[in-house]
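Have a look at the structure below, then the notes.
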Amino acid sequence: MRARAILGGIVLGLVGFGAGLLAQAPPLEPRPGDFIDSRDIAFRVEGMHGDRVVGTFIVRVGDRWFDTEPVPPPPVLPAPSRH
């Protein structure tokens, strides 16, 4: 019984040590062609611009993926005058 407790402690210590090493690993940099996705929206990586990721948003409609197009902002309207 005591040998099991010692073995369990050693295994638990090694697992904790391994998790600590993995937590210190540098994050992976996205490469062109990678997808950062969720269920119905994704970001297709086209490259890096300095330390920024450049790409395109795509959306899923049914079983197909479509590129999105930028939508221009609405026009700025002047405030009504209060005369």
>> For the chain, take the longest principal axis of its alpha carbons; what is the angle in degrees between that and the long axis of helix 2-23, to the nearest 10 within 0 to 90?
In response: 30 degrees
>> How much accessible area per residue does the chain have, counting only protein heavy atoms and a probe of 1.4 Å, in square angstrom?
In response: 96 Å²
> Taking trypsin sites (Lys or Arg not before Pro) that fall in a DSSP loop and have at most 14 other Cβ atoms within 10 Å as cut points, what is the longest piece of the chain between them?
Replying inline: 40-81
> Ratio of the chain's C-alpha Rg to 2.2 N^0.38 Å, to two decimals?
Replying inline: 2.15
> For the charge dipole of the stretch 14-83, defined by +1 on Lys and Arg C-beta atoms and -1 on Asp and Glu C-beta atoms about the Cα centroid, which residue among V71, G33, V45 has the Cα displaced farthest towards the positive pole?
Replying inline: V71
> How much of the accessible area of the chain, probe 1.4 Å, is carbon plus sulfur, in whole percent?
Replying inline: 64 percent
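Once the Cβ-Cβ distance between L22 and R52 is put in as r, and R0 is 35 Å, what FRET efficiency do you end up with, to the nearest 0.05?
Approximately 0.85, to the nearest 0.05.
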> Probe 1.4 Å, all protein chains in place: accessible area of L12 in Å², nearest 10?
Replying inline: 130 Å²
>> Keeping all protein chains in place and using 1.4 angstrom, which order do T68, T56 fall into by accessible surface area, from largest down?
In response: T68, T56
> On full extension of the chain, what length is gained from W65 through D37, given 0.36 nm per residue of separation minus the C-alpha to C-alpha distance?
Replying inline: 8.9 nm
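The values are calculated or read from the model by the stated rules, or taken from the named source; none is laboratory data. Bear in mind that the values here come from a model prediction, so they are computed numbers and not experimental data. All Cβ positions, glycine included, derive from the backbone under ideal geometry; neighbour counts span all protein chains shown. SASA here: full protein model, heavy atoms, side chains in, ligands and nucleic acids out. Shrake-Rupley method; radii C 1.70, N 1.55, O 1.52, S 1.80 Å.
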